Each structure stands twice: as C-alpha cells, then as structure tokens.
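Report on one structure; see the data block that follows.
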Amino acid sequence: QVQLVESGGGLVQAGGLLRLSCAASGRTLGNYAMGWFRQAPGKEREFVVALKWSTGITYYAGSMKGRFTISRDYAKNTMYLQVTSLKPEDTAVYYCAAGVSRENWFAINYDYWGQGTQVTVSS
C-alpha cells in the first residue's frame, strides 16, 4: 500500500505561482511511477504529468507543457508540481497518484490516490 497526501492548494490570483506537494509513505517507490491529475468542476479528471520515481524521467500531457513542472525529492519521498502563470481555468482539485511503473506511460495503472487539494484561481 502507498499512502499519498497532497498539500499546497489554495486561492491564488491569476498570473501567480503555486507549488503542490505530494508526500508518499508506506512503500519504497523505486518501482513506481507517480503522476498529477486534476479535475475541474463539471469536467472529467485529466492527466497533467507523470514521473518515474527511480529515474526521474517525466512525461507531460501536451497541453501542460510550459507552465507545469514536476519534480521530486527522493530522500523525502515527496513529489511536487509547480504551476506558473496561473489561469482561472486551472481551477480544479489536483490529485497525485502512484502506480507500478511500466515502460509504456499509457500502460501505468494508478492504483493509489491522494485525497486531492483544491486550487482556485481568481481573475
């Protein structure tokens, strides 16, 4: 079992910056990939970015390149998502997730999820 706890959400003005954290516990993450997802009101959950824990290799959704940056602190078992130039359309609940890593990013099943952290961007 992997437990994930997100933090860092809040109310931010458009144009601002936010860094979300995802603290993992319960298992070593060497064989896992971790990802960030978000779900806006009335919309389906969408993939933002993923990272293979052991190598740090990342994969961004096409629309997320540029303003979103994923990183990790290997020693702290913590993953981060920095978002710059925030827009009102970034308003969503942001989730981190973990799943056994696969060579094919699209074959990763994210079995473990955090509770989510709300990000609200005001115009």
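Every read-out reported here was derived from the displayed coordinates using simple, explicitly stated rules and does not represent laboratory data. Note that this is a predicted model, so its numbers are computed, not measured. Counting neighbours? That spans all protein chains shown, and the Cβs are built from the backbone with ideal geometry, glycine included.
Cα extents of the chain along the three principal axes, largest first, in whole Å?
In descending order, the Cα extents are 41, 25, 24 Å.
What is segment 56-115's relative contact order, in percent, from Cα pairs under 8 angstrom and six or more apart in sequence?
On the way: 51 pairs, mean separation 13.2, N = 60.
Taking the mean separation of contacting Cα pairs over the length of segment 56-115, I get 22 percent.
With Cβ to Cβ distances under 14 Å as the rule, what net charge do the other residues near G114 carry (K, R +1; D, E -1)?
Around G114, the surrounding residues sum to 0.
Can you list the residues, at least 5 places off or on another chain, whose amide H is less than 5 Å from the amide H of L20, using H built in the peptide plane?
Correct list: L81, Q82, V83.
So if R0 is 30 Å, what FRET efficiency would S122 and S25 give, r being the distance between their Cβ atoms, rounded to the nearest 0.05?
It comes to 0.35.
Quick one: what are the phi-derived ³J(HN,Hα) couplings along segment 53-68, Karplus 6.51/-1.76/1.60 with θ = phi - 60°, whole Hz, x for glycine and proline?
Here the 3J(HN,Hα) series is 4, 6, 9, x, 5, 10, 9, 9, 4, x, 6, 9, 6, x, 9, 10 Hz.
5 Å is the cut-off here: which amide hydrogens, built 1.01 Å from N in the peptide plane, fall below it relative to R45, excluding neighbours closer than 5 in sequence?
HN-HN under 5 Å from R45: empty list.
Suppose the chain between R67 and W105 were pulled fully straight at 0.36 nm per residue; how much longer would it get relative to their current alpha carbon spacing? The partial results should precede the final answer.
Working: separation 38, 0.36 × 38 = 13.68 nm, distance 2.08 nm.
Stretched out fully, the R67 to W105 stretch lengthens by 11.6 nm.
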